[in-house]
Amino acid sequence: MKRIRRIIVAGLLVWLPLGVTIFIIRVLLDLLGQTYKIIPEFFRPENLLGFSIPGFGILLAVVIIFVTGLIAANFIGKSLVDWWESFLDKIPLVRSIYSPLKKFAELVLSDQTQSFSKVLLIEYPRKGLYSLCFQTSKNLGEIEEKSGVDVVCVFVPTTPNPTSGFFIMVSKKDVLELNMSVEEAFKLVISAGVVTPDTVDIKEDK
C-alpha cells in the first residue's frame, strides 16, 4: 500500500502543478480574449470580414496595453493619468482597493534596482524566528539621520498570498542576504516551504 501511495503521489506531483498552471493560463487568456467586446459589434472581424480571427482579443489587449503605455509615458498622458487617479482616490471603496494595488504593482514592476532586488533573511517577528523578506529600498536619509542607524526597507510576504504582508525597516547589521533568486523565494513562500530552492547559501549583508 505504501508503494502504491508513493506511485500515486509521484503522479500527482507531475499532473497537479501542470493542471493548475494550464487552468490559470486559460483563465488569463479567456479574460484577455474578451477584450474584443469593447469594439462595436459592427466593426468586429466576423462581421467585417465574414470570419473570426483566432486570438484577436488577446492581440487587441496587447495593443491596448502598449498604446496606453505610450500615452502614459508622455507629459500630457501622465497628467491625464494623475487626474484619473486623483478622481479614483476620492471614491472611498475604490480608493481602498485601487491605491494599494497600484503601489504594489509599481513596486514590483519598477525599474529601480533596489525594488525586490534581493532576498533577505531577518529575525522576525522575534529573536530566534526567521522570516524571508525582499529588499525594497535603502539609503533612507532622514530616518537614518534621526535614528542614527543604517536601515533597509523590507517587505515580509505572507503565505500563501505573497501580495500581502508587512513593511518594516531593519538595521543592516541584522540582515542576512540570501543567494536564492526572487523567483525561488516566491515559490518558497507560496508553497509554505514545500518547494525549496536548490541554492541555500547565505552571506551576511555588508
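Nothing in this text is a laboratory measurement; each read-out follows from the coordinates by a stated rule. Everything numeric in this text was worked out from a predicted model, so none of it was measured. All Cβ positions, even for glycine, are placed from backbone atoms using ideal geometry, and neighbour counts span all protein chains on display.
Some observations on this one:
- Kirkwood hydrodynamic radius of the chain, from inverse mean 1/r over distinct Cα pairs, in Å: 21.4 Å
- Residues VAL62 and PHE104, FRET efficiency given R0 of 25 Å [Cβ-Cβ distance, rounded to 0.05]: 0.65
- Residues whose amide H lies under 5 Å from that of SER117, counting only those 5 or more places away or on a different chain, are GLN135; hydrogens are built 1.01 Å from N in the peptide plane.
- Evaluated with a Cβ-only charge set (Lys, Arg +1; Asp, Glu -1), the chain carries a dipole of roughly 820 debye about its Cα centre, given to the nearest 20.
- Members of LYS37/LYS187; LYS90/LYS138; LYS102/LYS127; LYS90/LYS187; LYS146/LYS173 lying beyond 28 Å, as alpha-carbon distances in this model show: LYS37/LYS187; LYS90/LYS138; LYS102/LYS127; LYS90/LYS187
- Whole-Å semi-axes of the ellipsoid equivalent to region 16-80 (Cα gyration tensor, √5λ, descending): 26, 22, 8
- Debye, to nearest 20: dipole size of region 119-204, +1 on Lys, Arg Cβ, -1 on Asp, Glu Cβ: 240 debye
- Each of MET180, MET1 has some number of other Cβ atoms within 10 Å of its Cβ, and from fewest to most they run MET1, MET180.
- Couplings 3J(HN,Hα) for region 149-163, derived from phi with the Karplus relation 6.51 cos²θ - 1.76 cosθ + 1.60 (θ = phi - 60°), are 10, 6, 10, 10, 7, 9, 10, 9, x, 9, 10, x, 9, x, 7 Hz, where x marks Gly and Pro.
- Cβ-based exposure ranking for ILE4, ILE143, in which fewest neighbours within 10 Å come first: ILE4, ILE143
- Spin-label pair ILE8/LEU49, simplified geometry with 7 Å Cα→Cβ offset, distance in nm: 4.9 nm
- Rg to Rh quotient for region 41-134, alpha carbon positions, Kirkwood Rh: 1.18
- Ordered by the number of other Cβ atoms lying within 10 Å of each residue's own Cβ, fewest first, ARG126, ARG44, ARG26 fall into the sequence ARG126, ARG26, ARG44.
- Computed over region 119-204, the Cα gyration tensor eigenvalues convert (square root of 5λ each) into semi-axes of 24, 14, 11 Å, ordered from largest to smallest.
- Of the trypsin sites (Lys or Arg not before Pro) found in region 134-197, no site is in coil according to DSSP while having at most 10 other Cβ atoms within 10 Å of its Cβ.
- Projected label distance in nm at LEU18 and GLN34, using a 7 Å step from Cα toward the beta-carbon: 2.9 nm
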